[in-house]
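The values are calculated or read from the model by the stated rules, or taken from the named source; none is laboratory data. No experiment lies behind these values; they were computed from the predicted model shown. Here the Cβ positions follow ideal geometry from the backbone for every residue, glycine too, while neighbour counts run over all protein chains shown.
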Amino acid sequence: VGSGGIIGKGFMKGTQSRLGFLPEQQTDFIFSALGEEWGLIGSLLVIGLYVALILWGLRIAVQARDRFSAILAFGVVAMLFWHVFINIGMVLGMMPVVGIPLPLLSYGGSFIISTLIGVGLLLNVSMRKYLF
């Protein structure tokens, strides 16, 4: 992550990720490859998008019409938050490497399906306030 600097090395020009120094760059360590190629600016942009997604989900949970919808929305938001928190902490070396993927960015079939189902549930809860 640190080798990218402020603006990064450029798309597909990261030395650590392209020369094989970074294991599993497309799955668990996608944020480190992103930080090297896009730099601090790109990393902060991605973190900002995750913060916006989490705040949007929390707003949906607070405005839900019934308790079940609120708990469901909060559970999806908690899953997204902890996956982002653990993965970025793992990539930055502040947490142990545990193999948790980064939502919506990491390569992986079952986790992307789970994440998209969770976002679909958030959309469903947000639309239920307009029904009845």
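Numerical summary
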{"quantity": "Test set (1) of a type outside the set (Ser, Thr, Tyr); (2) surrounded by fewer than 20 Cβ atoms within 10 Å (Cβ to Cβ); (3) touching a residue at least 12 places away in the same chain (Cβ under 8 Å) - GLY57 fails condition number", "calculated": "(2)"}
{"quantity": "Residue within region 7-15 that is of a type in the set (Phe, Trp, Tyr), touching a helix residue (DSSP H, G or I) at 6+ places or on another chain (Cβ under 7 Å) and modelled with pLDDT under 80 present", "calculated": "yes"}
{"quantity": "Of residues in region 108-127 being in a helix (DSSP H, G or I) and of a type in the set (Gly, Ala, Ser), the one farthest from VAL77 (Cα to Cα)", "calculated": "GLY109"}
{"quantity": "Hits in region 94-128 (condition: in contact with a helix residue (DSSP H, G or I) (Cβ under 6 Å, 6 or more places away or on another chain), over 22 Å from ALA33 (Cβ atoms) and of a type in the set (A, V, I, L, M, F, W, C))", "calculated": "LEU121, LEU122, VAL125"}
{"quantity": "Among the residues listed as PHE74, PHE85, the single one being at pLDDT 95 or above and farther than 22 Å from MET127 by Cα", "calculated": "PHE85"}
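Residues checked against (1) aliphatic (A, V, I, L, M); (2) surrounded by 14 or more Cβ atoms within 10 Å (Cβ to Cβ); (3) without any contact (Cβ under 8 Å) to a residue 24 or more places away in the chain:
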residue	(1), (2), (3)
TRP38	no, yes, no
GLY48	no, no, yes
ALA64	yes, yes, no
ALA73	yes, yes, no
MET79	yes, yes, no
TRP82	no, no, yes
VAL91	yes, yes, no
